[in-house]
Amino acid sequence: MDFSSKLLQNAVNEVAQLPGIGKRTALRLVLHLLKQPKEQTQYLSKALLEFREEIKLCQNCHNISDVELCEICSNSRRDPEVICVVEDIRDVMAIENTSQFKGLYHVLGGKISPIEGIGPHNLTIDNLIEKVDKGGVKEIILALSSTMEGDTTNFYIYRQLQKYDLNLTTIARGISVGDEIEYADEVTLGRSIINRVPFANSLKGL
């Protein structure tokens, strides 16, 4: 792609680094910004810089937050005895949109994937075990995507938590095998949360 301006090329190259955006889409976005009032680009730049510099991870669940303890963890109406384990913030948002879950979350920050060099030590699994070890947790819901990596992570957590006296459940398979949680429709995901089953049941036949 030939550019008549080095400034344009630099802007397109930076935008094209975002997931799912190719050079042509990046060019379209950059040219759109060029047509807008200069203030529009300044607002966008300011919002992104503030987000990058000031965003925090919740000290309790590792969810993205503006403060040390996110709104979900600091909500006295949530049930701290039930923890839903998810991969990342997108899954928290997807489940919250169903309005069917009233417990707390634990964000792992990814899934175990040897091919990508991601092991248990790269995730927040140790912190999850510490929470359970302290007591007060009655149920852990494993709500990871039904992919090979998700199943591997579920099984690893299951093995680590087997010795504790708690219900270890997983969302019902209303979510198709191979599907990511964030892309499930709200009704299906909501029913999967409500109709969760003991995780040990999913191991039968393995």
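The values are calculated or read from the model by the stated rules, or taken from the named source; none is laboratory data. Remember, it's a predicted structure, so these values are computed and weren't measured experimentally. All Cβ positions, even for glycine, are placed from backbone atoms using ideal geometry, and neighbour counts span all protein chains on display.
Here the condition is being within 10 Å of the chain's Cα centre (by Cα) and either of a type outside the set (A, V, I, L, M, F, W, C) or crowded, with 21+ Cβ neighbours inside 10 Å (or both); of 103, 110, 117, 135, it holds for 110 alone. Hey, does the stretch 62-75 have a residue that's surrounded by fewer than 12 Cβ atoms within 10 Å (Cβ to Cβ), among the aliphatic types (A, V, I, L, M) and out of contact with any strand residue (DSSP E or B) (no Cβ under 8 Å at 6 or more places or on another chain)? Looking through the stretch 62-75, none of the residues is surrounded by fewer than 12 Cβ atoms within 10 Å (Cβ to Cβ), among the aliphatic types (A, V, I, L, M) and out of contact with any strand residue (DSSP E or B) (no Cβ under 8 Å at 6 or more places or on another chain). Selection of the stretch 22-58 for residues being surrounded by 14 or more Cβ atoms within 10 Å (Cβ to Cβ) and closer than 30 Å to residue 124 by Cβ yields 57, 58. Looking at 82, 86, just one residue is surrounded by 12 or more Cβ atoms within 10 Å (Cβ to Cβ), of a type in the set (A, V, I, L, M, F, W, C), assigned by TED's automatic domain parsing to the domain that holds residue 172 and out of contact with any Lys or Arg (no Cβ under 9 Å at 6 or more places or on another chain), and that residue is 86. Taken as a whole, the condition of being over 28 Å from residue 69 (Cβ atoms), of a type in the set (S, T, N, Q) and either in contact with a Lys or Arg (Cβ under 8 Å, 6 or more places away or on another chain) or at pLDDT below 90 (or both) applies to residue 188. Every test in (1) more than 18 Å from residue 60 (Cβ to Cβ); (2) surrounded by 15 or more Cβ atoms within 10 Å (Cβ to Cβ); (3) touching an Asp or Glu at 6+ places or on another chain (Cβ under 8 Å) is passed by residue 97 save one, and that test is (2).
Each row is one residue, and each column tells you yes or no for (1) touching a residue at least 40 places away in the same chain (Cβ under 8 Å); (2) in contact with a Pro (Cβ under 7 Å, 6 or more places away or on another chain); (3) not basic (Lys, Arg).
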position	(1), (2), (3)
86	yes, no, yes
105	yes, no, yes
109	yes, no, yes
112	yes, yes, yes
115	no, no, yes
122	no, no, yes
125	no, no, yes
